[in-house]
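Just so it is clear, none of the values below were taken in a lab; they were calculated from the coordinates. As the structure is a computational prediction, the values presented were derived from the model and not from experiment. Methodologically, a virtual Cβ is constructed for each residue, glycine included, from the backbone with ideal geometry; neighbour enumeration extends over all protein chains shown.
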Amino acid sequence: MKTFKIPIVASLVIILIAGSVGMLANSYIQLILLFLFVNSIMGMSLNLINGYTGQFSLGHAGFIAIGAYFTSIISTSVPFPSGLGALPVAGFITIGSGLVAGLVGYFVGLPSLRLKGDYLAIVTLGFGEIIRVSLNNIPFFGGAIGISNIPSFPELNFGGFIIDRFLVALIFATFWAVTCFFFIWRLLNSSPGRGFLSVREDEIAAEAMGINTTKMKVQAFVISSFFAGVAGSLYAYFTNYVSPASFTFLMSIDAVIMVVLGGMGSMTGCLASAFFITLLPEILRSLKDYTYGIDLRMVIYSLALILIMILRPQGLFGEKEIFHHWRKNDKSTT
Amino acid sequence: MEELLQHLINGLSLGSIYSLIALGYTMVYGILQMINFAHSEVYMMGAFFAYYSAKLLKLENSPSFTTLLIILFITMAMCSLLALSIEKFAYRPLRKQPKLNVLITAIGVSLFLQYVAQIIFGADPKVFPTLINDQLLFEVAGVPVKSFDVTILGVSVTAMFALHFLVYHTKLGQAMRAVSHSPAVASILGINVSRTIAFTFVAGSSLAGIGSILVGIKYQKIEPMMGTMIGLKAFVAAVLGGIGSIAGAVVGGLVLGVSEVLVVVYGSSQYRDALAFGILIFILLFKPAGIFGKNTIEKV
């Protein structure tokens with residue numbers, strides 16, 4: 001199982017599995033598959049703040065909105081190249097979206113991370129709402145109508161060998177999801193990453209050990225905002241349409257549930273719950289005929305939040321990762 | 001000038017509603033050091049309790065003072081029951097857990113009530129029954145004063161005085177203050193901490209019930225999502241006044257109400273919701289303890 005920890009192998013396996021599932025299915029299933037990646041990046045990035053650094057942010061949707069809007073504006077105003085040139089251009093636009101979101105994250109995080117717990121939650125919620133209200137009211141961003149006609153990925157043609165639109169999008173999404181996973185994963189095993197963990201475990205003790213806790217929190221917040229911007233950029237490419245109504249408080253709640261359900265501080269747990277959160281609404285959609293057209297999604301989410309906090313406060317996975325169970329001989333799994 | 005006076009009256013009646021709800025936040029925070037996110041949903045349920053009890057008692061078309069009183073008492077009782085069960089089933093099992101877990105549970109309870117209310121009551125807005133006639137009472141310096149505003153101010157001031165009496169002049173209030181000071185010492189001295197916390201929830205949610213009826217009278221429209229925004233604003237009011245302080249919640253609510261009405265009149269109505277968050281961010285950055293709050297030092 002160790003080979004899965006090599007990014008290229010992991011990417012190939014993901015593309016192989018998701019690609020073969022997607023090629024057999026219709027475009028509806030394909031879009032759900034792509035959204036698995038968007039939501040995974042969303043969950044993993046929030047996990048860095050909420051799970052590993054122990055700072056509770058409720059405004060993740062705001063940063064996703066910034067990324068999505070940056071991508072939409074750039075790719076609707078700049079001509080999008082067809083053929084193989086589209087991928088690097090899209091890649092640069094996505095990096096740009098991440099950088100803008102990270103920059104906003106810096107300016108939001110620097111003052112608000114002085115606060116703790118409940119207050120931080122409310123302030124980040126407030127910033128998320130302010131971002132949404134501003135997008136809604138500034139004509140440049142399209143107001144409440146949003147921006148439509150965002151170009152999607154073109155087909156690639158290698159002398160007769162055609163790669164499908166969906167596969168191109170999938171390769172792009174996989175690249176970012178794998179980058180996000182391994183970036184955060186390796187970061188946490190590095191010296192700054194240990195700093196993040198120490199802030200979560202005991203802020204005062206960390207400070208006594210010479211760790212600049214404010215710097216650690218702001219760093220975690222900026223990195224998390226960067227990947228939120230990346231998730232937003234992918235969102236814009238896959239839906240071809242963004243509007244402020246997509247980035248409400250409920251999107252932040254979705255991200256929080258991914259982190260809490262999977263376990264605050266578990267990457268694979270977070271991925272598992274991202275899958276659950278993406279697939280649940282689709283399953284419930286088909287059940288709607290039996291529930292008289294009522295959307296049970298939020299009722300299930302909220303009950304899950306309450307019950308998990310009461311029965312298993314550390315989340316389903318706790319701080320464990322799936323591959324801890326693969327190592328049979330090694331009992332010390334921390 | 002007359003226009004300004006009119007806006008001030010409007011702002012004060014809106015602000016007194018914020019104060020009533022903010023009191024619930026501040027009391028629970030004072031005793032448990034947690035933000036009760038579900039408070040805004042207790043308020044929302046209060047509006048529906050009032051709506052359905054007026055319907056069941058066939059009082060929706062007989063506006064009078066007694067009608068108002070009957071509905072007020074029923075709603076206060078129902079809201080208290082709801083808050084008691086939330087406290088018992090969701091918050092009490094987590095009392096010794098880290099604050100973050102309690103916060104997540106509170107958000108969960110809030111979402112749960114919101115969406116269950118949508119399923120039970122339907123998502124579309126309902127017209128609140130007329131509990132009191134809207135008529136011109138008298139004029140102050142050429143400004144008409146309506147019975148709605150007088151009722152709102154009268155009821156909320158009475159409720160605040162009742163709360164003041166409860167907290168500072170009864171044994172129960174003494175117990176509440178003792179528990180908020182130090183639960184451990186209070187329980188050594190023979191105070192039933194759990195019961196005191198439950199009573200705090202009862203007092204706070206009764207005020208939220210009163211607030212919901214006053215909002216129903218003023219805006220005549222109720223819906224399952226009505227709690228979110230007003231709850232956040234009331235929370236901002238509590239923080240503005242200094243969370244944990246009863247006088248602070250009242251002052252914070254009034255300041256927020258008046259400034260919101262002024263922003264809508266002289267600025268843009270689109271930013272009325274952003275104003276509350278702006279105030280919140282400003283106050284947390286420059287005076288996190290609020291107007292009446294005391295600075296606390298964190299010890300290792």
| task | Go through B:PRO125, A:TYR301, A:SER134 and say which Cα lies farthest out towards the positive end of the charge dipole of the protein assembly as shown; charges sit on Cβ, +1 for Lys and Arg, -1 for Asp and Glu. | result | A:TYR301
| For chain A: relative contact order, % (alpha-carbon pairs under 8 angstrom, 6 or more apart) | 31 percent
| query | For the protein assembly as shown, what is the convex hull volume of its Cα atoms per residue in Å³? | reply | 174 Å³
| field | Residues of type aspartates and glutamates that B:LYS58 reaches as a straight line, Cα spacing below 20 Å, ignoring anything fewer than 8 places off in the same chain | value | B:ASP134
| field | Relative contact order (%) - chain B, alpha-carbon pairs under 8 angstrom, separation at least six | value | 36 percent
| note | Ranked by GNM mean-square fluctuation in chain B (Cα springs under 10 Å), the top entry among B:ILE21, B:ILE35, B:ILE188 is B:ILE188
| query | Using a Gaussian network for chain B with springs between C-alpha atoms less than 10 Å apart, which of these wobbles most: B:ALA83, B:ALA162, B:ALA178? | reply | B:ALA162
| message | Beyond a 21 Å Cα-Cα separation, which of these cross-linked pairs lie in this structure: B:LYS146/B:LYS218; A:LYS215/B:LYS99; B:LYS55/B:LYS233? | response | A:LYS215/B:LYS99; B:LYS55/B:LYS233
| query | Could you give the semi-axes, largest first, of the ellipsoid that matches region B:106-163, computed as the square roots of 5 times the alpha carbon gyration tensor eigenvalues and rounded to whole Å? | reply | 34, 18, 10
| task | Provide the convex hull volume over Cα atoms per residue for region B:6-137, in Å³. | result | 137 Å³
| said: Spelling out what I want: for every residue of region A:267-277, take phi, set θ = phi - 60°, compute 6.51 cos²θ - 1.76 cosθ + 1.60 (Karplus), and round to whole Hz; glycine and proline get x. | reply: 5, 6, x, 5, 5, 4, 6, 5, 4, 4, 5
| task | Select from B:PHE37, B:PHE73, B:PHE89 the residue whose mean-square fluctuation is largest in a Gaussian network model of chain B (Cα-Cα springs shorter than 10 Å). | result | B:PHE89
| note | Filtered hits (lysines, Cα-Cα < 22 Å from A:LYS5, offset >= 8 within chain) -> A:LYS320, A:LYS328, A:LYS331
| request: In square nanometres and to one decimal, what's the mean projected area of the convex hull around the Cα atoms of chain A? | output: 18.9 nm²
